[in-house]
Amino acid sequence: MGYRALLREKIERLSLYRSEQTDWWFTAAAFTDVSEAVHTRGGWRRADSPRFAWEDGKDLWLRQVYRVPQRIRGIRVEGSRVHLRSSLLGTPITVFVDGKQVFHERSWADMRVPEVTLTESASPGTDYLIYVRLERAGSRRRDGVVCRVLMDVEAVEDLLFELETFLVEMDCCSGFTEHAELLRRASETADAGITGTSTWEEDLATVDEVRRKLAPVEESAKRRRVHLVGHAHLDMNWLWSMEDTIDVCRRDYGTMTRIMEETPDFRFSQSQGAVYAITEEHFPELLQRIKAHVEAGSWDVSTAATWTENDLNMASGEAIVRQLLITRSYMRSRFGRVPQVCWEPDTFGHPATLPQILAKSGITGYFHMRCPPGPRLYRWEGLDGSSVPAYNHTYNGEIRAERIAAVSREMWERLGSLEAMLLYGVGDHGGGPTRRDIKRMRRLDALPTLPRLLFSTPADFFRRVEEEKIELPVVRG
């Protein structure tokens with residue numbers, strides 16, 4: 001068995017630690033606070049499934065005593081960060097650790113989940129008493145909820161990340177035919193070092209050795225560039241109230257400005273003029289911080305071309321023009337910037353009249369995810385012959401090697417473009433990029449076998465593509 005099959009098998013076995021966390025108990029109760037839950041011994045049942053039905057309109061409570069292990073599959077846990085992660089939409093959730101509330105959200109957590117830190121430095125044998133409350137009264141889920149809460153141990157996740165990345169690197173190198181002999185010798189090294197009996201430490205040492213041998217690939221690999229666009233996709237009125245949307249603006253934009261202060265080259269793009277108006281009305285000091293970061297180039301408003309990420313199927317042409325006109329006026333008056341990219345990730349259709357409207361409104365790029373016509377990047381031509389470059393891609397998501405490699409390879413092989421764009425960030429109920437994303441971007445960019453990674457903006461990506469002067473496929477109507 002070669003190193004690829006062996007590593008995939010090892011990765012699969014190691015990742016099972018997530019699904020093996022089953023020591024949760026639950027009850028349906030009308031506890032007034034967590035202390036009542038702690039002192040109630042009867043009525044708790046083992047949770048064999050993450051799916052729960054509401055009972056008599058009562059809240060659901062989950063309970064676990066989590067003991068930090070010495071090792072997981074042979075990996076030392078001591079000193080590692082440990083996070084709680086979950087995925088739950090449309091149901092208020094509160095997390096208590098050792099009797100103290102550590103997290104509350106009306107919706108936890110969208111397509112990528114925010115992290116709740118259990119400990120920054122794990123000490124094996126330490127117990128944490130965890131309670132999770134799911135509120136029936138505020139839930140949009142009438143029949144019940146699906147809620148899986150997992151412990152995310154960073155030492156294990158980092159190892160999984162390294163090994164998964166290595167397999168992607170080797171696939172990337174196979175595309176550089178001028179380095180075929182170098183890749184063959186590197187593969188022989190991997191086959192010799194990664195065996196069925198090798199330890200994690202030995203596997204990582206082999207990975208490092210192979211990477212050193214592949215260093216000459218860097219000149220070819222780094223010619224390609226992937227523009228990493230951080231964003232916080234926010235549905236203004238889906239499964240939550242307007243009050244919740246307002247609070248998400250406070251939470252997310254405060255976090256993004258703090259990350260910008262820690263990471264000067266970080267970039268964040270936020271669409272929808274409405275969220276800036278909300279911030280101006282409710283959190284004026286925060287808006288001033290955003291303005292400062294816009295001036296510094298860290299906060300990107302180029303995607304705020306419309307007041308909301310509006311429906312495009314039922315709206316008349318006049319309504320769409322008003323969206324663009326009113327938002328353009330507002331953004332120029334508040335930030336001195338004119339948005340350049342029409343950001344429509346969630347519209348389920350794209351009218352043939354839109355390219356003309358966008359072109360006449362000074363829009364230089366269109367982004368969407370739903371109803372893609374086929375090409376990743378194309379020139380969208382309207383009924384009158386007007387056109388704008390358009391890019392379709394999944395919003396939200398993580399910074400991972402396989403996503404980076406796939407989009408870069410597709411752009412090169414199909415279009416001959418050295419530029420690609422990848423979106424990342426927690427989204428739907430807001431969220432945005434995390435510090436883990438930034439850590440992983442640095443790690444991946446340092447590898448000689450992967451494309452150059454840039455914290456960037458959609459406007460910068462479209463500008464670089466225009467400079468390449470490549471012939472884009474045309475989609476008419």
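All of the numbers you see were taken from the coordinates with simple rules; none came from a lab. In this text, all values refer to a predicted model and were calculated from it rather than measured experimentally. Backbone-built Cβ (ideal geometry, glycine too); neighbour counts: all protein chains shown.
Annotations for the structure displayed:
- If you wrap the Cα atoms of the chain in a convex hull and average its projected area over all directions, you get 24.7 nm².
- In this label model, Val321 and Glu201 are separated by 7.2 nm, measuring between points 7 Å along each Cα→Cβ vector.
- Mean Cβ count within 10 Å, highest first, over the residues of peptides 94-103, 377-386, 452-461: 452-461, 377-386, 94-103
- As a calculated quantity, the FRET efficiency between Arg452 and Ser333 at R0 = 41 Å, using C-beta atoms, amounts to about 0.65.
- Over the residues of the chain, the helix contribution to mean residue ellipticity at 222 nm works out to -12000 deg cm²/dmol, using -39500 (n - 2.57) for each DSSP H run of at least 4.
- Lys/Arg +1, Asp/Glu -1 at C-beta; the chain dipole; positive extreme among Thr327, Val229, Leu423: Thr327
- For the peptides 297-305, 170-178, residues were scored by their other Cβ atoms within 10 Å and the scores averaged per peptide; the highest-first order is 297-305, 170-178.
- Spatially proximal lysines relative to Lys100 (Cα-Cα < 25 Å; intrachain offsets below 8 disregarded): Lys58
- Note on Ala180 and Arg18: their simple-model spin labels are 3.8 nm apart, each label 7 Å out from Cα toward Cβ.
- Contact order relative to length of the chain, as percent, for alpha carbon pairs under 8 angstrom and 6 or more apart: 16
- Placing pseudo-labels 7 Å out from each Cα toward the beta carbon at Ala137 and Glu285 gives an inter-label distance of 3.1 nm.
- Here the chain is treated with +1 on each Lys and Arg Cβ and -1 on each Asp and Glu Cβ, and its dipole about the Cα centre works out to around 180 debye.
- Cα-Cα over 24 Å, subset of Lys439/Lys469; Lys213/Lys469; Lys222/Lys469; Lys360/Lys469: Lys439/Lys469; Lys213/Lys469
- Full-stretch length increase - Val102, Leu383 - with 0.36 nm per residue and alpha-carbon distance subtracted: 95.7 nm
- Global form of the stretch 225-476, assessed from the alpha-carbon gyration tensor, a/c cut-off 1.5: oblate
- Cβ crowding within 10 Å averaged over residues, with 404-410, 139-145 ranked highest first: 404-410, 139-145
- Check: the stretch 25-148 dipole with +1 on Lys, Arg Cβ and -1 on Asp, Glu Cβ, in debye: 420
- When Thr434, Thr126, Thr263 are arranged by Cβ crowding within 10 Å, least crowded first, meaning fewest neighbours, the order is Thr126, Thr263, Thr434.
- If you take the Cα centroid of the stretch 126-147 and the Cα centroid of the stretch 231-276, the two points sit 25 Å apart.
- Across the options Thr206, Gly193, His179, the greatest Cα extent toward the positive end of the charge dipole of the stretch 157-221 (unit charges at beta carbon of Lys, Arg, Asp, Glu) belongs to His179.
- Positive-end residue of Val149, Trp25, Gly273, charge dipole of the chain with Cβ unit charges: Gly273
- Angstrom value of the Kirkwood radius, inverse mean 1/r, which spans all Cα pairs in the stretch 157-221: 12.2
- Neighbour-count order for Thr449, Thr117, Thr347, fewest beta carbons within 10 angstrom listed first: Thr117, Thr347, Thr449
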